[in-house]
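Have a look at the structure below, then the notes.
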Amino acid sequence: MVFGIILFGLLLLVVCLLVISSLYVVRQQSVAIIERFGRYQKTASSGIHVRLPLGIDRLVARIELRLLQSEIVVETKTKDNVFVTLNIATQYRVNESNVTDAYYKLIKPVSQIKSYIEDALRSSVPKLTLDELFEKKDEIALEVQNQVAEEMSTYGYVIVKTLITKVEPDAEVKQSMNDINAAQRKRVAAQELAEADKIKIVTAAEAEAEKDRLHGVGIAQQRKAIVDGLAESIRELKEAEISLSEEQIMSILLTNQYLDTLNNFGMYGNSSIFLPGQPDGVEDIRTQLLSAIKAK
């Protein structure tokens, strides 16, 4: 009786172990590859599943269906013989409808994707100069993506996106590019400063010319006013019933103008004027003015 109970307990334990070993769980966004006696049996999706125990059915791999990313560094040469290092970010995933090819046809998918990308880049970059590489890196990334995606689709992988995240030239070339850029900026700055100085000089010259013009206009207007005033004074003296000749009238006006000028010099005090020392000095000046007018 006791032996029977022990045997039953052992059988129950074995059955429980077999049941437990036959159950397996597949996580969300992943699948499991099941083989029976070393041969592919089925692909299990997410959830709980049952398999034949005792190694008849084996869970040989769990395949992620989520988007994966691989960072790749590729060194190559441009058309103008500049060595550059490219940082490539490749986003890829397993094609859910072709999981068996993704598992059985590729041993190291990341390395093989890298090899395809390196081959595609080394056939594209040497066709471009360094400047063109910087300008067209997005176009190159798209070209590489299409080329690699076509190759990898036969192995059950989908290339979602390929990005060239960094283009790093050789250190000496990079320093030379910085020096050239700095020289160009200095040249532009020098040209701008020279243009600014030119504008200042031209503006100052124009202002000086305008000042001279206005000064000349002022002097001309002043002289015209003096002449008009003299003419008006002569006319008034003629109209007055005074028996004076034109020469006498002109002498009076010139003398008056001379005295007004002396008065102005005396008011401002910053100017120097030399006057005749004799008592008849004013008469001499008047005579000289009249002689000059007659000579003209």
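Descriptive notes on the structure:
- With contacts taken as Cα pairs under 8 Å and at least 6 residues apart, region 2-64 reaches a relative contact order of 34 percent.
- Cα-based Rg and Dmax for region 68-175, where Dmax is the largest Cα-Cα distance (Å): 14.8, 50
- Note on Ser176, Ser124: ascending count of other Cβ atoms within 10 Å places them as Ser176, Ser124, the fewest first.
- Cβ-based charge dipole, region 105-193, positive-most Cα from Val110, Gln184, Ala149: Val110
- Neighbour cut-off at most 14 other Cβ (10 Å), DSSP loop, trypsin sites (Lys or Arg not before Pro), region 26-78: Arg27, Arg66
- Amide H contacts of Leu128 (H built 1.01 Å from N, under 5 Å, at least 5 apart or other chain): Lys79
- In order through region 104-111: 3J(HN,Hα) via Karplus (6.51 cos²θ - 1.76 cosθ + 1.60), integer Hz, x for Gly, Pro: 8, 8, 10, 8, 10, x, 4, 5
- Packing-based exposure ordering (other Cβ within 10 Å, fewest first) of Val74, Val14: Val14, Val74
- Using only side-chain charges placed at the Cβ, +1 for Lys and Arg and -1 for Asp and Glu, the dipole size of region 83-218 relative to its Cα centre rounds to 340 debye.
- Relative frequency of Cα-Cα separations exceeding 13 Å in region 2-64, percent: 65
Rule-based calculations on the coordinates, nothing more; no lab input. From a predicted model like this one, the values you see are computed outputs, not experimental measurements. Please note: Cβ atoms are built from the backbone with ideal geometry, for glycine as well, and neighbour counts cover all protein chains shown.
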